[in-house]
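As C-alpha cells, the structure follows; a few thoughts come after it.
Please treat every number below as a calculation from the coordinates, not as lab data. Computed from a predicted model, the values in this text were never measured in an experiment. In this analysis, Cβ positions are derived from the backbone assuming ideal geometry, glycine residues included, and neighbour counts consider all displayed protein chains.
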Amino acid sequence: MNKLYALFFLLSFLLFLFSMLVVPADAIARIPFQGDQYVFPERNIVWVLALTALVFALLYLFTFKFLQSSRWGYMHFICFTFLSINIISYSFLQRYAMDKISELFTGSMAILLWMQLIYPINLLMGLFRRKSNF
C-alpha cells in the first residue's frame, strides 16, 4: 500500500500552516556559507520546504510501483522531516546563540541533505532491476 505520498502531502500541509501561523512575517534567517552570509526571509524558507515536500509527494504518487523498496521511501520521509526540523530550528535558534549553532547544525544538515538522494537511488535501482512491468 502506497502511503508515502500521503505522508509527504501531510508534511507539506503542516509546513505551510506552520509558515503562515507561527513564523513571523518579518523574521529573517542568516545562513553563513564559505565566509559570506546570505539573508533569507524565514517564511520563504519554510515555503520552499513545503513545496519540496509536495514535489516528493507527487513523485511518490506517480512512481511508487517503480521503486526498489518502500522501506527506503519511509527512511527518506523520516530524513526529510528531520531536515525540515533542522532548518527551521536553525533559523529560530540562531537569534540566541549564533556561534555554537552554526557548528552544531552544519554537520547534521549536510548528512540529511545527502540522505535526500535516497529517492533517486531507490528509483534507479527499481528500474534497473525491473521490479515492475512498464
Can you tell which of T52, T81, T63 shows the greatest fluctuation in a Gaussian network model of the chain with Cα springs below 10 Å? T63
Please work out how much length the chain gains when fully extended from L21 to F128, using 0.36 nm per residue of separation minus the C-alpha to C-alpha distance, in nm with one decimal. 34.1 nm
For V22, residues with placed amide H under 5 Å, excluding near neighbours: none
What are the membrane-span-like helices in the chain by this rule: whole DSSP H runs, Cα extent along the axis at least 20 Å, mean Kyte-Doolittle hydropathy at least -0.5? 4-21, 42-63, 70-93, 98-114
Length-normalised contact order of segment 12-80, Cα under 8 Å, at least 6 apart, in percent, tallies to 31 percent
I'd like the chymotrypsin sites (Phe, Trp or Tyr not before Pro) in segment 24-84 restricted to DSSP loop residues with at most 15 other Cβ atoms within 10 Å, sorted by number. none
With runs of 4+ DSSP H residues as the only contributors, calculate the mean residue ellipticity of the chain at 222 nm using -39,500 (n - 2.57) per run, divided by the residue total and rounded to the nearest 500. -23500 deg cm²/dmol
